[in-house]
Structures are given as structure tokens and as C-alpha cells.
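Following: one structure in C-alpha cells, then a few remarks.
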Amino acid sequence: MNPLRTLILAVAGNETIRRVVAAAPVSRRVVRRFVAGETTEDAIRVSGELGRAGLRVTLDHLGEGTTDGALAEHTVRAYLELLDALRERRLPPDGGAEGSTPNGPAARLSDVAEVSVKLSAVGLRLGERLALDNAARICAAARRGGTTVTLDMEEHTTTDAALRILARLRENWPETGAVLQSYLRRTPSDCAALATSGSRVRLCKGAYAEPAEVAHQYRHEVDLNYVRCVNILLSGGGYPMFATHDPRLVRIVAERARWYGRQPGSYEYQMLYGVRPEEQRRLAREGEAVRVYVPYGGQWYGYLMRRLAERPANVGFFLRALASRS
Ligand code: FDA
């Protein structure tokens, strides 16, 4: 693994550093590039903007790794409030406030936006049962609003629990999506197990620091495993969601999708809010389904650190913002 990435992820776990970075005004400026804002209204506004640009959205209420039941409950309620708002609100027409178009009522926001949920934010560290019950409440609210939930994937120590919870949720809400990480050695076999009809799987490289026993350490191995998984998912009966900003992998997905006879819309590309926005729009203009992962909320620290670890240019951006302040 890139030593800078390992260093940032290691430093990110230090509580003193967390307090300094979280309190620094400059952090907030950097955060704005990657995070929609702190409130449900911010999430709604950005979903409307992206939806109007022909993009789909998955909203993540920031927070993770809680060992506090009250905080897990707070997160669940934030999702329920968000899902109500997505159901009630409509996509704003071009250049205007939310409302109707000349041809009738605009689409609901829930037609373009779903939610992504980290199980550790809804209580996984307090027990699998609590995380399952809380995730089920979110899935039920999403179904009422005509939209879906995707379970984010976190450290490898939680992969089995997350897949068990997914299987339970899919008994009632088969539309629930999962994330698999190509840096994990096990992932091709997880892809094969999930590449079945109706199954939504987001494939990403993986964002955590993981040991060599379970995870590929070199970029080319992670990328090779990604391509292996692209083939498994595209040749299966499910709905694959390819989450990457990597231009080479985007090209390979396009080529493999054609090879397997997949029509645009029978799979999708996903990218993060604030990362390669022009590429997101280019793919959408070409008729591809593109979904943008939009985080919002006050607990942005862990998310920001993973974005910095991924890309030295993002660290440069952070340091330049810091220097321009002094
Ligand atoms: P990588 O970081 O290897 O970059 C490859 C190339 O992409 C770069 O060389 C550059 O060309 C281009 N690129 C990357 N970032 C760029 C930038 N900022 N600007 C311009 N070009 C850039 N992880 C996880 O562990 N669990 C999860 O649940 C999720 N969920 C998730 C959802 C979505 C929608 C996305 C896009 C990503 C995730 N991730 C994730 C994060 C994922 O695992 C991974 O860490 C990042 O997407 C970075 O990996 P890339 O595939 O983009 O390639």
C-alpha cells in the first residue's frame, strides 16, 4: 500500500489529531468540496441540483463506528427524516425552485436519490441485532418512499456481519444493495454469490488500511481483482454499480459491458461528490446511468481522512488551504 496512504489512515485514528483537524476552520473549507453540508436541507438541495443535471444520487448521513446507542438512534432518525423529505419533495425544474414543470409535476426526489448506510453508524459495534433492526427501519422507510438502501462496507473485520445482515434485510427488501471491495482477496467469491437476479452490488476498490493476509497491497493487484469482479458481476443476473474514478477502469467497464451485451441502465457508474464532476456529467450525457455519492452531516472527519488518503493531490489541496490562511 502507498506509504502516504498508510500514514494518513494511521494518523487519522489519533484522538488528539482528530480534535485539532475537526476544529480547524480550514478543514471546513476543504470539507465543503466533498460534503453537501450539515443538514437534511443541504442534502435535499444538492440532490436536486444533481438530479437536474441528469445524475442519480446516494445520500450518506455521516457518522461511523459509534458505541453509543443514543447516537445510533440519532443516525436512524436522520435517515428517516431524510427519506420522508425525499418522498415529499420534487425535483426542481431548470433554474428554479422546487415545484412542477410545464408538463406536470416534476419527478419526486426519491426517484433519483437513494441512501447509503454504514452499519457501524447504526449500532454494529453494539451488536449485530441492533444494527439489523435499525437498518430494517431505514429499509422500510426507503420502500415507503419508493427508493432503496445500499449498505456501505467498512473494515474487513465487519464484512461477514455486514453480509449476514444484508441477507436478512433482503428477505423483506430484496432491493437492498451491498458494497464489495476489490482490495479484499475474498471479493471475487462474494461477487459470485451476490451476482444473482435483483441483487444490487456496488464494487469499489476499498478505503481502509487492511493487512496483507486479507487484502491485496499493490495497486495493480487491486485493479486486477476489480476487473475480475467486473466480469463476474456483468455476466451475472444482478444490477452492478461500478464505483470508481479511475479512468482506466471506467473504460474497461464500458468495454466489458458491451461485451456482455449489457444496455446502459442495466448497470451504473458511481463517483463521489466533488470528485471528477466533469466525468460524471460526460458519462451521463453519453446515456450512462451515473450516481453520485453525497455525504452530509456534521461527522465528516473519518470521511475526509479517507479522501485525503486516497489521493496525494487532495492532501496538497488541504495543505495549500492551510498555508493560504497563515
Ligand atoms: P484510485 O483512488 O486508485 O484512483 C485511480 C485514478 O482515478 C487516479 O489515478 C486518478 O486518475 C483518478 N482519480 C481518483 N481520484 C481523483 C480525483 N480526486 N480527481 C481526479 N482524478 C481522480 N470504500 C469502501 O471501503 N467502502 C464503501 O462502502 C465505499 N463506497 C464508495 C461509494 C462510491 C460511490 C465511491 C466512488 C467510492 C466508495 N468507496 C468505498 C471508496 C473506494 O473504495 C475508493 O477508496 C475510492 O473510490 C478511490 O478509488 P478509485 O477507484 O477512485 O481509484
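Summary of computed values
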quantity: Residue within segment 123-137 that is more than 21 Å from GLY69 (Cβ to Cβ) and free of Cβ contacts under 8 Å to residues at least 60 places away in the same chain present; calculated: no
quantity: In segment 218-236, residue farthest from THR159 (Cα to Cα) [restricted to those that are open to solvent by less than 50 Å² (accessible area, probe 1.4 Å) and touching a residue at least 40 places away in the same chain (Cβ under 8 Å)]; calculated: GLY236
quantity: Residues being within 14 Å of the ligand (Cβ to nearest atom) and either in a helix (DSSP H, G or I) or over 24 Å from ARG219 (Cβ atoms) (or both) - total across segment 229-241; calculated: 2
quantity: Residue pairs meeting the criteria (Cβ under 6 Å; at least 6 apart or on separate chains; first within 10 Å of GLN181 (Cβ to Cβ), in segment 149-161; second more than 10 Å from the ligand (Cβ to nearest atom)); calculated: GLU154/SER120; HIS156/VAL214
quantity: Per-region count, segment 268-281, residues within 13 Å of the ligand (Cβ to nearest atom), part of a helix (DSSP H, G or I) and surrounded by fewer than 17 Cβ atoms within 10 Å (Cβ to Cβ); calculated: 3
quantity: All positions within segment 290-305 that are assigned to a helix (DSSP H, G or I), within 13 Å of the ligand (Cβ to nearest atom) and either in contact with an Asp or Glu (Cβ under 7 Å, 6 or more places away or on another chain) or open to solvent by 20 Å² or more (accessible area, probe 1.4 Å) (or both); calculated: GLY302
quantity: Meets criteria (over 23 Å from GLY302 (Cβ atoms), β-branched (Val, Ile, Thr), more than 13 Å from the ligand (Cβ to nearest atom) and at pLDDT 95 or above) for ILE252; calculated: no
quantity: All positions within segment 76-92 that are open to solvent by 10 Å² or more (accessible area, probe 1.4 Å) and closer than 22 Å to ALA121 by Cβ; calculated: ARG77, ALA78, LEU80, GLU81, ASP84, ALA85, ARG87
quantity: Hits in segment 14-30 - residues which are open to solvent by 10 Å² or more (accessible area, probe 1.4 Å) and either within 21 Å of the chain's Cα centre (by Cα) or over 22 Å from ASN314 (Cα atoms) (or both); calculated: ARG28
quantity: Leading residue by the ranking (farthest from the ligand (Cβ to nearest atom)) among those in segment 163-190 that are touching a strand residue (DSSP E or B) at 6+ places or on another chain (Cβ under 6 Å) and among the hydrophobic types (A, V, I, L, M, F, W, C); calculated: LEU166
quantity: Within segment 168-204, tally of residues that are touching a Gly at 6+ places or on another chain (Cβ under 7 Å) and part of a helix (DSSP H, G or I); calculated: 1
quantity: Yes/no for LEU126 being open to solvent by 30 Å² or more (accessible area, probe 1.4 Å), in contact with a helix residue (DSSP H, G or I) (Cβ under 8 Å, 6 or more places away or on another chain) and within 16 Å of the ligand (Cβ to nearest atom); calculated: no
quantity: Candidates GLY63, GLY95, filtered to the one that is modelled with pLDDT under 95, of a type outside the set (Phe, Trp, Tyr) and crowded, with 21+ Cβ neighbours inside 10 Å; calculated: GLY63
quantity: Condition broken by VAL275, with the remaining ones in (1) among the aliphatic types (A, V, I, L, M); (2) under 20 Å from LYS118 (Cα atoms); (3) modelled with pLDDT under 95 satisfied; calculated: (2)
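Conditions tested, residue by residue: (1) more than 29 Å from PHE34 (Cα to Cα); (2) open to solvent by less than 10 Å² (accessible area, probe 1.4 Å); (3) out of contact with any helix residue (DSSP H, G or I) (no Cβ under 9 Å at 6 or more places or on another chain); (4) within 16 Å of the ligand (Cβ to nearest atom).
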position: SER197; (1), (2), (3), (4): yes, no, yes, no
position: ALA243; (1), (2), (3), (4): no, no, yes, yes
position: ARG256; (1), (2), (3), (4): yes, no, no, yes
position: SER266; (1), (2), (3), (4): no, no, no, no
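Listed here are the residues, each with its yes/no results for (1) among the hydroxyl-bearing types (Ser, Thr, Tyr); (2) out of contact with any Cys (no Cβ under 9 Å at 6 or more places or on another chain); (3) open to solvent by less than 10 Å² (accessible area, probe 1.4 Å); (4) under 23 Å from PRO295 (Cβ atoms).
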site: THR147; (1), (2), (3), (4): yes, yes, no, yes
site: THR150; (1), (2), (3), (4): yes, yes, yes, yes
site: MET153; (1), (2), (3), (4): no, no, no, yes
site: ARG168; (1), (2), (3), (4): no, yes, no, no
site: TRP173; (1), (2), (3), (4): no, no, no, yes
site: THR176; (1), (2), (3), (4): yes, no, yes, yes
site: ARG185; (1), (2), (3), (4): no, yes, no, no
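The values are calculated or read from the model by the stated rules, or taken from the named source; none is laboratory data. Computed from a prediction, not measured in an experiment: that's the story for all the values here. Cβ coordinates were reconstructed from backbone atoms using ideal geometry, including for glycine residues, and neighbour counts include every protein chain displayed. Ligands, DNA and RNA are excluded from the accessible area calculation, which covers all protein heavy atoms including side chains. Shrake-Rupley method; radii C 1.70, N 1.55, O 1.52, S 1.80 Å.
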